[in-house]
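Read through the structure below, which is laid out as structure tokens, and then see the notes.
The values are calculated or read from the model by the stated rules, or taken from the named source; none is laboratory data. Being a predicted model, the structure only gives us computed values, none of them experimental. All accessible areas refer to the heavy atoms of the entire protein, side chains included, with ligands and DNA or RNA removed. Shrake-Rupley method; radii C 1.70, N 1.55, O 1.52, S 1.80 Å.
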Amino acid sequence: PFTPAPWYKDTWEEGWPAQAPRPPSWNMTKEQRADHHPTIANQDILSEETAQCIDETFQNRWRTLMSVDDVIADTHQLCVDLGIEERTYFIYSSDHGFQLGELNLAVDKRNVYEFDIKIHLAVRGPGIPAGTTFSQPATNVDIAPTILDLAGVQAPRVDGRSLVPFLKKTADEVTAAGWRNATYHEYYYVGIDNKCGQQHPIESPDNNFIAVRYQSNSKFGNILYAEFTTGEKGPGFIAFDTINFYELYDMDKDPWQMTNIYNSTTQEMKDALHNDVHQWLQCKGGD
């Protein structure tokens, strides 16, 4: 939800952006999107009404976050007042990204693209150097083992791994070299209607996907590979044994995922990517 608190509903300070970002993938022509799966290819050109709705959503999300800022500030001050600030970890993240007109998708999420699957992670606390970052890919499954590690508790067997060595800059070369160089993404069609006055729904039944986002140090390089299948019944009924559409993006040359290069890649590469993503689909636990 992005409903601002009443005291912030009209707040917009001078110098704040007047509209949502307009990256290269914003409001593409149908011809430019013809190589994407139908959920994307079938979207219309964004109308003035839809663009205005996107901008209003952008502003209201910003205003809503002002209340989140207030909660964070109050929580931090309470820790200061209780004298526990220096032994408290503050972790700030999200569960998904958000689209605001990219690939002609109005407001929502649910897609395989970077703007929907990439999220922030900010951590503050004892032993974490201020202003530092790390480049190793992390996902939400890493949060639980990280919190347990920070608390000095041995994590049970889970899918994720502790990020503490990277947060505290104690990771040695062996740890860094053995870290994952790809992340797996799986999604099933929900059936969300149109948004912001668009003619087509924000997703169609073709939007069931399995995908791997490979990093630069992977055997495939810096790419996104995805397979799509059509269905409306969700997990347990969709096995991804019949693939209706493939997408492949060179993230170095095409960070906004505007040009699907699947049809121009080699059959050897196609087979290797297909086998790899299906291994991810079937893996469990420590596999």
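Of K30/K195; K118/K253; K168/K253; K118/K270; K109/K284, which sit over 23 Å apart, Cα to Cα? All intermediate terms of the calculation are to be shown ahead of the outcome.
Working: K30/K195 18 Å; K118/K253 18 Å; K168/K253 33 Å; K118/K270 25 Å; K109/K284 26 Å.
From K30/K195; K118/K253; K168/K253; K118/K270; K109/K284, over 23 Å: K168/K253; K118/K270; K109/K284.
Per residue, the solvent-accessible area of the range 66-197 (1.4 Å probe, heavy atoms of protein chains only, all protein chains present) comes to 55 Å². The value of relative contact order for the range 145-232, using C-alpha pairs under 8 Å at least six residues apart, is 21 percent.
Taking the convex hull of the alpha carbon positions in the chain and averaging its projected area over all directions gives 18.0 nm². For N244, the residues 5 or more places off, or on other chains, whose built amide H falls under 5 Å of its own are F228, T229, T230.
In order along the range 104-110, the phi-based Karplus estimate (6.51 cos²θ - 1.76 cosθ + 1.60, θ = phi - 60°) of 3J(HN,Hα) comes to 6, 8, 6, 4, 2, 9, 6 Hz; Gly and Pro are listed as x. In whole percent, how big is the carbon plus sulfur part of the accessible area of the range 1-92, probe 1.4 Å, protein atoms only? Taking all protein chains in place, the range 1-92 shows 56 percent carbon and sulfur surface.
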